[in-house]
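Encoded as structure tokens, the structure appears first; notes follow it.
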Number of protein chains: 2
Amino acid sequence: MQKKEAYNVAVVGATGAVGRTMIATLEERKFPVAELRLLASSRSAGSELPFHGKPVTVQELKNDSFQDIDIALFSAGASTSRQFGPKAVEVGCVVIDNSSAFRMEPGIPLVVPEVNPDAIGSEPGIIANPNCSTIQMVVALKPLHDRFRVRRVIVSTYQSVSGSGQKAIDELTHQSKSALNCEPLVKNVYPHQIAFNCLPHIDTFLDNGYTKEEMKMVNETRKIMGDDSIHVTPTTVRVPVMYSHSESIYVETDEEIDVAEVRRVLSAFPGVSVVDAPEKNEYPLAIDAAGRDEVMVGRIRKDLANPKALNLWVVADNLRKGAALNAVQIAEALIR
Amino acid sequence: MQKKEAYNVAVVGATGAVGRTMIATLEERKFPVAELRLLASSRSAGSELPFHGKPVTVQELKNDSFQDIDIALFSAGASTSRQFGPKAVEVGCVVIDNSSAFRMEPGIPLVVPEVNPDAIGSEPGIIANPNCSTIQMVVALKPLHDRFRVRRVIVSTYQSVSGSGQKAIDELTHQSKSALNCEPLVKNVYPHQIAFNCLPHIDTFLDNGYTKEEMKMVNETRKIMGDDSIHVTPTTVRVPVMYSHSESIYVETDEEIDVAEVRRVLSAFPGVSVVDAPEKNEYPLAIDAAGRDEVMVGRIRKDLANPKALNLWVVADNLRKGAALNAVQIAEALIR
């Protein structure tokens with residue numbers, strides 16, 4: 001991308017949970033923004049969102065919304081990305097797309113900057129931001145893969161409702177209040193009560209019995225790690241938590257595991273924070289990860305029988321590293 | 001045990017969450033009770049609990065509390081069981097103990113009636129009731145072990161707060177209200193906030209990095225299944241759910257898995273309810289299992305790469321099958 005003092009940046013889906021976090025992340029990380037163009041559906045157009053203390057009016061997303069834009073951050077769902085992403089590219093934008101629309105398309109880079117920065121090209125085009133559950137997992141796996149070679153991963157997730165957007169945060173809030181007051185619960189976002197319950201169901205079910213969310217973890221992990229021999233077996237579960245996804249990850253490796261070495265390579269890896277002092281009740285927690293940038297890793301322990309396997313507990317803010325932050329980090333890599 | 005028309009039954013720890021469920025379960029299942037003797041600490045003595053519509057006064061637990069008792073159901077913690085269990089046996093009682101005090105002692109049967117009924121002896125003595133997370137897992141594993149031979153299990157749990165007793169139910173209730181009202185949270189039971197959070201920490205940590213709860217799942221599974229070659233790797237997690245434990249279980253077998261056959265052997269196994277119609281959004285849920293006797297099994301699917309492995313989602317009421325019901329079922333087997 002051509003070097004400039006500052007760049008014109010568009011945020012598509014600006015009023016959503018991820019869109020708002022994108023705006024906050026651009027501000028916090030002092031991304032060199034000349035113009036910030038906030039785009040959303042006609043329903044949200046006209047509302048204002050603050051950026052560096054000044055109100056920015058949200059505009060309706062249209063075919064000609066991307067004139068003079070250098071970088072467009074999309075987070076408005078796959079159909080919006082399919083419809084408007086190519087329009088933005090046509091007028092010279094780099095599109096960083098948080099939806100699933102283009103992730104598995106050959107030729108489209110799928111990028112976690114700590115893991116595969118070299119996948120980012122220099123031409124205008126689409127760069128895909130991976131699924132939130134996958135991002136935090138590959139950040140923890142990459143240093144282990146480099147050192148011990150990861151062969152197999154068995155992962156069970158504990159995913160917060162913010163992954164389903166602001167309306168799901170509202171649903172958990174309202175259902176929790178209703179349940180505590182013994183009042184009837186209203187369900188709109190999820191097919192079952194999420195308050196005080198766990199749903200082993202994220203995204204739609206496929207014929208093989210896995211959900212789309214689970215298959216994203218299988219396929220995106222291989223593409224990001226650049227290694228089709230890595231086998232992931234996922235179970236993705238929605239839990240009554242507002243922010244941050246937690247993951248119980250079992251990893252099998254080619255090389256024998258040394259826990260001290262695992263801590264060393266994880267601690268040295270950018271974006272990872274090792275939080276692992278169980279004797280002091282210190283381990284990664286969803287409420288601690290919320291609002292933070294790092295992927296927190298703890299409960300590091302060897303398998304009791306297999307010397308080439310270990311367990312991890314990995315927690316990250318799904319709206320930040322799982323979405324907005326990762327997108328902004330891709331933008332930072334582009335202009336570096 | 002000598003056959004009688006009805007038996008004198010003591011419940012030790014009668015006022016706790018499990019004790020109350022034991023009383024309800026004896027009533028529901030029409031266990032032939034002549035006298036029901038409710039025992040608890042001096043703090044709870046004098047209070048009344050209903051049994052078949054009549055109030056029963058709680059007595060203080062003492063050394064001579066077990067005169068004329070046939071069966072004593074203990075659920076008042078390991079130290080109470082160690083102190084009073086042997087006293088009850090001395091006067092001819094069969095003790096069914098829900099604590100961890102005697103579970104791994106050689107010679108003490110550790111029983112899940114659907115799995116290893118033959119372990120129940122006929123002499124007075126102590127019979128141990130397994131850990132709640134272990135009970136529901138082995139009920140799902142046993143028919144698979146009989147048909148496909150289970151070699152390895154990787155399990156991540158989603159355990160409700162009722163496993164920590166009534167005070168933890170109160171803590172989740174109060175913390176949830178406080179969090180929803182943006183008020184400070186009070187912590188007494190857990191070292192961290194449990195409302196809208198997940199704690200990868202149940203029971204105390206051991207030197208190997210696993211918790212006692214995790215090691216119970218490793219060791220008790222082998223003893224109940226009568227097969228020391230079964231290897232369990234657990235991660236136990238407390239989630240903000242009131243009742244029922246959910247478990248994401250990955251099972252490796254000797255024989256190749258056939259999913260239709262898995263459904264068949266699970267459906268035919270006593271105590272199991274297969275709930276597995278994802279196309280209709282039907283899978284086991286904590287809120288559905290609460291108050292029910294069955295172990296619910298769903299999300300049955302083969303591993304995508306290993307034909308000798310499958311995933312399950314297993315949910316049961318931890319106070320019922322995980323504790324009170326299993327104890328009463330042992331009592332039923334004793335008098336059969």
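The values are calculated or read from the model by the stated rules, or taken from the named source; none is laboratory data. Computed from a predicted model, the values in this text were never measured in an experiment. Positions of Cβ are backbone-derived with ideal geometry, glycine not excepted, and every protein chain shown enters the neighbour counts. Surface areas here come from the heavy atoms of the whole protein model, side chains and all, with no ligands, DNA or RNA. Shrake-Rupley method; radii C 1.70, N 1.55, O 1.52, S 1.80 Å.
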Task: Mean-position separation - Cα centroids, the stretch A:95-124 and the stretch A:8-56, in angstrom - done: 22 Å
- [ ] Would you tell me which residue of chain B has the beta carbon closest to the rotation axis bringing chain B onto chain A, and how many whole Å away it is?
- [x] B:Ser156, 2
TODO: Rounded to the nearest 10 degrees, what's the angle between the helix B:212-225 long axis and the longest principal axis of chain B, both from Cα atoms, 0 to 90?
DONE: 90 degrees
Open item on the list: Suppose we keep just the DSSP beta bridges with both residues in the protein assembly as shown; what percent of those would be antiparallel, to 5?
Closed with: 50 percent
TODO: With both partners inside chain A, how many of the DSSP beta bridges are antiparallel, as a percent to the nearest 5?
DONE: 50 percent
Task: Hydrodynamic radius of the stretch B:168-207 per Kirkwood, over alpha carbon pairs, in Å - done: 10.9 Å
TODO: Note the distances from B:Val189 to each other copy's matching label point, with points 7 Å along the Cα-to-beta-carbon direction, in nm, sorted shortest first.
DONE: 2.5
TODO: Calculate how steeply helix B:259-268 sits against the longest principal axis of the alpha-carbon atoms of chain B, using the helix alpha-carbon long axis, and give the answer as 0 to 90 degrees to the nearest 10.
DONE: 20 degrees
TODO: Holding the Cα-Cα limit at 18 Å, pick out from A:Lys216/A:Lys302; B:Lys142/B:Lys223; A:Lys187/B:Lys280; A:Lys308/B:Lys302; A:Lys87/A:Lys223; A:Lys3/A:Lys30 the pairs that are longer than that.
DONE: A:Lys216/A:Lys302; A:Lys308/B:Lys302; A:Lys87/A:Lys223
Open item on the list: Tell me the carbon and sulfur percent of the accessible area for the stretch A:134-318, rounded to whole percent, probe radius 1.4 Å.
Closed with: 46 percent
Open item on the list: Can you give me the C-alpha center-to-center distance between the stretch B:277-336 and the stretch A:320-336, rounded to a whole angstrom?
Closed with: 42 Å
Open item on the list: Can you tell me the convex hull volume per residue for chain B, based on C-alpha atoms, in Å³ to the nearest whole number?
Closed with: 154 Å³
Open item on the list: Using a 7 Å offset from Cα along the direction of the beta-carbon, what are the separations from A:Met104 to the same position in each other copy, nm, ascending?
Closed with: 4.4
Open item on the list: Straight-line reach only, C-alpha to C-alpha below 20 angstrom: list the aspartates and glutamates that A:Lys54 could link to, leaving out same-chain residues fewer than 8 apart.
Closed with: A:Glu27, A:Glu28, A:Glu35
- [ ] Along Cα-to-Cβ, 7 Å out, sits the label point; list in nm, shortest first, how far the one on A:Ser79 is from those in the other copies.
- [x] 6.2
Open item on the list: Taking the 0 to 90 degree range and rounding to the nearest ten, how far is the long axis of helix A:17-28 tilted relative to the main principal axis of chain A, both from C-alpha atoms?
Closed with: 80 degrees
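Roughly what % of DSSP beta bridges within the stretch B:193-336 run antiparallel, to the nearest 5?
85 percent
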Open item on the list: To check my understanding: the extent here is largest minus smallest coordinate of the Cα atoms along each principal axis. What are those three numbers for the protein assembly as shown, in Å, largest first?
Closed with: 90, 50, 44
Task: Label point distance in nm, A:Glu256-B:Asp170, each placed 7 Å from Cα along Cα→Cβ - done: 5.2 nm
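Charges at C-beta only: +1 for Lys and Arg, -1 for Asp and Glu. How large is the resulting dipole of chain B about its Cα centre, in Debye rounded to 20?
Magnitude of the dipole: close to 300 debye.
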Task: Whole-angstrom gap from the stretch B:59-88 to the stretch A:178-232, using each part's C-alpha centre - done: 46 Å
- [ ] Give the relative contact order (percent, whole number) for the stretch A:188-336; include only Cα pairs under 8 Å separated by 6+ residues.
- [x] 21 percent
Open item on the list: Below 8 Å between Cα atoms, with a sequence gap of 6+, how large is the relative contact order for the stretch A:1-112 in percent?
Closed with: 24 percent
Task: Cβ-Cβ FRET estimate between B:Cys182 and A:Leu206, R0 fixed at 41 Å, reported to 0.05 - done: 0.55
TODO: Anything losing 50 Å² or more of accessible area from the isolated chain to the full protein assembly: pick those residues out of the stretch A:154-179, probe 1.4 Å, ligands and DNA/RNA ignored.
DONE: A:Ile154, A:Tyr158
Task: List B:Ser160, B:Ser42, ordered by accessible area with a 1.4 Å probe, largest first - done: B:Ser42, B:Ser160
- [ ] Take the stretch A:134-318, compute every pairwise Cα distance, and split them into 10 Å bins from 0; I just need the percent in each bin.
- [x] 10, 35, 33, 17, 5, 0
- [ ] Note the full-extension length gain between A:Glu48 and A:Ser122 as 0.36 nm times their separation in residues minus their Cα-Cα distance, in nm to one decimal.
- [x] 23.3 nm
